[in-house]
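**Student:** A single structure is presented below for examination.
The values are calculated or read from the model by the stated rules, or taken from the named source; none is laboratory data. Here the structure is a predicted model, which means the values were calculated and not measured. In this analysis, Cβ positions are derived from the backbone assuming ideal geometry, glycine residues included, and neighbour counts consider all displayed protein chains.
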Amino acid sequence: MLQNVVPRVHGLRLVRRLIVLCCFLRVIESPIEIHAAARIEVEYADWGFDGRAAPRTFNLLTLGVQNPSDEPFEGTLRCRRLLSATGTWSGAELLQDIYVGPFSVRLVQFYPYMLDEGEVWEIRWGDGLEDTFLTERPQLTSGARVILNDPIANSGIQQGLKGFPEDWFPVTVTATDALRLVVMDHAPRWEATRRDVFRDWLFRGGILHVLQEPGGKYPHVPVPELNIEPRPTRFGAGRIYWHDRTRDQINKPYVYDTMYATSQDLVAVVDRDGSSFDIDPTSTEFIRRDEEFFEAYAEWDSDRLIPTRLKEFLRPNHEWPLIYLLAGVYLLALFPGVYLLVRSRIDYRYSLLALVVIVVGFSWLFSVMGARGYGESTSTTSVATARQLPDGRWDVEQWNSLFVTSGGDYALRAAGAFPITSTVESIERVSGVIRNGRDGRFSVDMPPFTYRTFATRTDLPLGKLNVVIASAELADQEAADIDEDNQDSRSLQEKSNILKSLQVKIDGILPSRVRDAVILFGDSFYPVNLEVLQAGSGNLVAGPGVRLIERINLSRQFQRFASSRMATPDDALDQFAPWLIARDLRLRRRMDIADFTLPPDEARLYVHADLPDELVCQNAADSEAGFGRHNGRIVYRIDLVVPEEPDR
C-alpha cells in the first residue's frame, strides 16, 4: 500500500515542477515577444508639403516606417495629439493597420486635424517606451509652395522652392488643404487616383506653374483639359501659368517675383513677444526676420463655435420655477419642519419616520421633475460647406453632433468613398478610435443623454451644377445708386465695382431644397433670383448689394441661441449660414472683413440649402439602422469666372 502512494507523490511533484518551469519560461519569453512587436522604427515624419502645417484643417503627415528585422511586421499604428510632455493627450486616436516586409521601408500617411497652434503628435505601435515616436512641433503656414521632384530622376531642390517627392502626393483631396502652389517640369509617375486628386486640387483653387522640359517642350500635365492649344490659364477656380524656361533657368529672385506673386496670402502671426502682425509666412521678409510661426491669431474660433452651437438643439425644457419652488419647500420641511416636530414631544420614532418620508418623497419629486425624457430621441444635427469639384462631385466639410438617449458603443461613418474624421477636441480625451479611409469609421463609447461632436471631410457626387457668366454689368460711377449716409464709406474705386447685372447660363440642379442664395462680388453680397437659379438662365442678381462687413459681424458670433426667439429648430440652423461663409472666406478678425475683396475677375455663388440625404451620418455597424431623426443645413460654394471686359 505504501509502495503505491510513494510513486503517486513523486508524480504530483513532477507535475508541479513542470508547471513552475512553464511559467518561468513564459516569463522569459514575454520580453522576447514585446521586442518582436517593437522591431519597426519610424525613420522620418514630415508635415504637409514643406514641413509645415495649416491651421484649422486636416493636414498630411507622412511617415517612413522601417523594418530592420528579417521578419515581416503586421500591426496597428496609433496617432494622437499630445497636450504636454507628460503624455497627456486629447481627442480620439487615429488608427491604421500596416504591413512592413523584412528589411524594407513602408510609406504611411495620417491626416491629423491641426488647431490654431502647432502641436506634437505621438505615434505608437506597442505598449513599451521603445514603441513610441514623437513628431516635431510643426510651424504653421498659409499654404505650401513646392516643386515636384521625381525620386527616380533625382530632380533636386530649386532655390526658393521646397522640393516635394511626387510619390508622397496624397490619395485624397482633403490632404491638399495646406498646398497652395505647385511647380511642375515633368509628367509625374502617378496612378489614376493621384492624378484625380491633383486635378481636384487644381479645380478647387490651386495654382500651377508649368516649366519646360530640358528639350524645350511642356510636359504632359496630369490634367487632360490642360494638354491642348492654346494653353489654358484657368481650370475651375484654379490658375495655370506657363513659363518658357526650364528648371535650371530659374533662380530665387524669379521664384519670389514671378511665382510667389501669384499666391500671396497674409495671415495673422503671433511672434515670440505675443504680439500679432500680418505677413506671408513664405515671403522673403518673413524669412529674413527669422520668425517662427507656431500660433495663429484669431478673434473668433470656428472650431469651437460651430460644435458648441450644434449641442444646443436638444436642451430639455425643464420646469425650473417649479424645481426652485420644490427646493425651497424641501429646505423648509427639513428646517424648521423636522426641528419643530422633534420639539413637539411626540415619539422620536415618528420624527425619524417623518424625516425619511420627506427625504424619499422629495427625492422622487426631483427625479421626476429633473429627469431627461422630454420627448428626446437619438438624433444627429449637421452643418456643412461644399466646394465644387469636376464631374458633379463636391468637397464637403461637415460638422456633426450625435445625441443618444441610451449608452453604449456607437460606430459612425461619414458618406463618401474616402471619408476623413476628427473629433476636433483641444482638451477632452475621447473614449473612441478613428479609422480613416475607404473602410473608415469612428467608434466611440457614449453615456446616455450625451452628445458627441466631430468633423468630417469627404468628396462625393451630389449633382452637377455648371454656372457660366455670359456678361457682367457694373454700375457707372456717376450712376451708382448710393445712399447719402454711405457716400463716405466707399471710395470712388469701390463705387465703380458695384454689380448691377449678372447674366448667367445654368446647367444642372442642386440635390436639396434651396432656402437662400447670395453672390459675393468684390466686397459685397448680392441677393440671388432663385427663379433664375432654377430656370437656367437670366439675370442672377436680384437687388442691391450689402457690404461684407455689414452682413457678417464676428463680434456677435459668441452669442448663445435665444431659444425664446426661435420659432423652430430650423430658425436656429439658419444662423449657421454666415458662420460657414466666414470660415470659408478664412475670416478670423474684424479687420479681415473690412479688408476682404475678391479679385475683379472672380465671383462666388453661395447657396444655402437643406442637407441632402447623402450626407446623413451612417451607422457603420448596421447599414439598415440609422441614428433617429436628422436635421441639417449645407452651404454650396460655386466659383464663377467674370469675363475680362464686362459690359458697362
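**Student:** Scanning for something buried (at least 16 other Cβ atoms within 10 Å of the Cβ), under 16 Å from the mean Cα position of the chain (by Cα), among the aliphatic types (A, V, I, L, M) and at pLDDT 90 or above, does the range 425-433 turn up at least one residue?
**Tutor:** Looking for residues that are buried (at least 16 other Cβ atoms within 10 Å of the Cβ), under 16 Å from the mean Cα position of the chain (by Cα), among the aliphatic types (A, V, I, L, M) and at pLDDT 90 or above, one finds none in the range 425-433, hence no.
**Student:** Then there is this: From the residues in the range 578-593 that are within 14 Å of Glu397 (Cβ to Cβ) and of a type outside the set (Asp, Glu), which one is surrounded by the fewest Cβ atoms within 10 Å (Cβ to Cβ)?
**Tutor:** Residue satisfying both the conditions and the ranking: Arg586.
**Student:** Mind checking which residues of the range 90-144 are among the β-branched types (Val, Ile, Thr) and within 24 Å of Ala268 (Cα to Cα)?
**Tutor:** Val120, Thr141
**Student:** Just wondering, is there one or more residues in the range 244-259 that are of a type in the set (A, V, I, L, M), modelled with pLDDT under 95 and part of a helix (DSSP H, G or I)?
**Tutor:** Checking the range 244-259: at least one residue is of a type in the set (A, V, I, L, M), modelled with pLDDT under 95 and part of a helix (DSSP H, G or I).
**Student:** Please work out which one of (1) touching a residue at least 12 places away in the same chain (Cβ under 8 Å); (2) under 25 Å from Gln159 (Cβ atoms); (3) among the small types (Gly, Ala, Ser) is the condition Ala268 fails and give its number.
**Tutor:** Only one criterion is unmet by Ala268, namely (2).
**Student:** Something else: The conditions are (1) surrounded by 13 or more Cβ atoms within 10 Å (Cβ to Cβ); (2) farther than 29 Å from Pro55 by Cβ; (3) at pLDDT 90 or above, and Asp613 fails exactly one of them. Which is it?
**Tutor:** Failed condition: (1).
**Student:** In the range 552-577, which residues are modelled with pLDDT of 80 or more and either assigned to a helix (DSSP H, G or I) or exposed (fewer than 13 other Cβ atoms within 10 Å of the Cβ) (or both)?
**Tutor:** Step one: list which residues in the range 552-577 are modelled with pLDDT of 80 or more, which gives 552, 572-577.
Scanning the range 552-577 gives Ala572, Leu573, Asp574, Phe576, Ala577.
**Student:** Can you pull out the residues in the range 212-242 that are among the hydroxyl-bearing types (Ser, Thr, Tyr) and touching a residue at least 24 places away in the same chain (Cβ under 8 Å)?
**Tutor:** Once the filter is applied, which keeps residues that are among the hydroxyl-bearing types (Ser, Thr, Tyr) and touching a residue at least 24 places away in the same chain (Cβ under 8 Å), the range 212-242 yields Tyr218, Tyr241.
**Student:** Here is a further query. Is there a residue being outside the structural domain of Phe110 (by TED's automatic domain parsing) and within 17 Å of the chain's Cα centre (by Cα) anywhere in the range 441-449?
**Tutor:** Applying the first criterion (outside the structural domain of Phe110 (by TED's automatic domain parsing)) to the range 441-449 yields 441-449.
Still in the running and within 17 Å of the chain's Cα centre (by Cα): 441-442.
Scanning the range 441-449, I find at least one residue that is outside the structural domain of Phe110 (by TED's automatic domain parsing) and within 17 Å of the chain's Cα centre (by Cα), so the answer is yes.
**Student:** Filter the range 134-155 down to the residues that are not charged (D, E, K, R) and not in a loop (DSSP other than H, G, I, E, B) and list them by number.
**Tutor:** Leu134, Leu140, Ala144, Val146, Ile147, Leu148, Asn149
**Student:** Kindly indicate which of Lys162, Lys217 is touching an Asp or Glu at 6+ places or on another chain (Cβ under 7 Å), of a type in the set (Lys, Arg), modelled with pLDDT under 95 and farther than 30 Å from Gly87 by Cα. Walk me through how you get there before you give the answer.
**Tutor:** Values: Lys217 fails: touching an Asp or Glu at 6+ places or on another chain (Cβ under 7 Å).
Selected residue: Lys162, the only one of Lys162, Lys217 that is touching an Asp or Glu at 6+ places or on another chain (Cβ under 7 Å), of a type in the set (Lys, Arg), modelled with pLDDT under 95 and farther than 30 Å from Gly87 by Cα.
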